[in-house]
Amino acid sequence: MLKRNLVLFLLASFFVAPAAKAEVKLIAIGSLSGNIRDLSSQTSAPLENGVWGNLLGGIGSGLAYAGCNTFIAIPDRGPNAVSYNSAVSDTASYINRFQTIKVKLSPSNLGSALPFTLTPYLVDTTLLFSNEPLYYGNGAGLGLGSGVPALNTKNKNYFTGRSDNFNPTQISTYPNNARFDPEGVRVSNNGKDIFISDEYGPYVYQFNRNTGKRIRVFNLPSKFAVSKSSPVGDTEISDNTSGRVANKGMEGLAITPNGKTLIGILQSPLLQDGGTNGAYTRIVKIDIETGFTKEYAYQLDNIGTSTKPKYPTVSEILAISDREFLVDERDGKGLGDGSQAAFKKIYHIDLTNAQEVSNITGESNLAGKAVSKTLFLDVVATLTQNGIKAEDIPAKLEGLAFGSDVVINHVVKHTLFISNDNDFIGTIKSDTYHPTGIDNPNKLFVFAIDSTDIPGFVPQNIKGDDEYRTPKDQERS
């Protein structure tokens, strides 16, 4: 079994050039094909849009370390890149799930472009359900049949990505809606449960890791909900003046190393805080034991101009310690968008002295109250420096997780895994930069981090992972 801190020593300094100070370096890239099926054969039948119901895609929407060189990876609401029914935003009855992945990180042959080789393996697929009845759309007036999955039984009601699976008499955070759009995932310290955040509600749910059964709902303040839900995102935005922006809900989720607190972050500001034209999105701190919440403001970079501002979105938040975090801001450009990636940066924040903003509303009122941030990693710059063209950088780099430590030139380095959401498009047939097409797999980028870059780093204390934490020797094997 592979050690959590891989016992690896690179003899040649070729792989790590001497530097005046430590820096984050790309050390490996791995992938899983986006044109194969996952392990849930019972969902293999084609969806309403003709796509396999168990296509292995989008699994980098959220990524969580689960101990013992295992990761939990989640796809979002499912394949909706195929245009078939705009009345439901081209969503389908894709049953929500998580994928369990094992990884092997080993030294590359001398002369290789990167010092390590990453090989991921899919080992399990787990479907998500509630034993309580859920509300599904009947398809009336939408040109569709019922949204109830054929696999449903009396005590297994599956969550799906179809956008009309909501109760129109309830606010969007109604917990018995069947629609679910997972975006962030973390594992409990006992290793038995997972926490998932979503965009539709926004929701934060707790599931049993072994069965996929929902076991808890965390109630978010009503300010995050929209009062008028719609199967069409643009309609939902125009019909509401407060709540999360459609398709830009609770995108990121962290768990503190002590396992006591969840930290969620919205992809974009709430409608009442300016929506996609606003500069301040919200961080939500959730006490797992009590469910009590606190809120903080996070200021987005302006990637436009002072007279015509434009803001990126947030895709993930990852805990360094119980108070320090990494936040991923990105544009939507790159592979999958037919454009060149320009802005994908990871920032470091510290909530120790951050101002609580639960009772503050509006962009102007949040100004000056955001947590301070410092640049940790310019992902686009680092990838292009390693020979990856801007048009080949995935547009949606969304998942962040710390993985196994490695030893490079006698120095222990932490690793940071970044995953992509390929939108269930395993092959891009043609775009401006790839006229003859290009593969678009589920990718994992691995970066080595010196301990001086994150001196406060505390690994999550996942049960059974102690054996995998400290290198036993310094020899390359």
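Going from the residue with the fewest nearby Cβ atoms within 10 Å to the one with the most, T307, T432, T235 rank T307, T432, T235.
Sort largest first and round to whole Å: the equivalent ellipsoid semi-axes of segment 248-303, each the square root of five times a Cα gyration tensor eigenvalue.
Values: eigenvalues 112, 24, 14 Å².
Over the Cα atoms of segment 248-303, the ellipsoid semi-axes are 24, 11, 8 Å.
Under 5 Å between amide hydrogens, built in the peptide plane, is the criterion, and for V407 it picks out L8, K413 among residues at least 5 positions away or on other chains. In a Debye calculation with equal point scatterers on the alpha-carbon sites of the chain and no solvent, what is log10 I(q)/I(0) at q = 0.10, 0.12, 0.13 Å⁻¹? Computed log10 I(q)/I(0) values: -0.70, -1.04, -1.24. Other residues with beta-carbon under 14 Å from the beta-carbon of K156 carry, at +1 per Lys or Arg and -1 per Asp or Glu, a net charge of +3.
For segment 222-333, the tally of Lys pairs with Cα-Cα distances below 22 Å comes to 14, considering only residues 8 or more apart or on different chains. Residue by residue, segment 195-204 carries 3J(HN,Hα) couplings of 10, 10, 9, 9, 9, 5, x, x, 10, 10 Hz when phi is fed to the Karplus relation 6.51 cos²θ - 1.76 cosθ + 1.60 (θ = phi - 60°); x denotes Gly or Pro.
Quote the convex hull volume per residue of segment 93-216, based on C-alpha atoms, as a whole number of Å³. Numbers along the way, then the final one.
Values: hull volume 18.1 nm³, N = 124.
Residue-normalised Cα hull volume stands at 146 Å³.
The peptide list 42-49, 204-211, 216-223, put in order of mean Cβ contacts within 10 Å with the highest first, becomes 204-211, 42-49, 216-223.
For R216 and K104, a Förster radius of 25 Å and the Cβ-Cβ distance give a FRET efficiency of 0.15, rounded to the nearest 0.05. Among 280-290, 348-358, the peptide with the highest mean count of other Cβ atoms within 10 Å heads the list, and the full ranking is 280-290, 348-358.
Based on the mean of other Cβ atoms within 10 Å per residue, sort peptides 178-188, 407-417, 256-266 so the most packed one is first. Before the final figure, lay out each step's value.
Numbers: 178-188: 27.0, 407-417: 18.6, 256-266: 21.2.
Result, highest mean first: 178-188, 256-266, 407-417.
If the only charges are +1 at each Lys and Arg Cβ and -1 at each Asp and Glu Cβ, what is the size of the charge dipole of segment 360-417 around the Cα centre, to the nearest 20 debye?
On the way: 5 positive and 6 negative charges, 33 e Å.
For segment 360-417, the charge dipole is close to 160 debye.
Here, each number is a calculation from the coordinates, and none is a lab measurement. Everything numeric here is computed off the predicted structure, so don't read it as measured data. Heads up, the Cβs are rebuilt from the backbone with ideal geometry, glycines too, and the neighbour counts pull from every protein chain shown.
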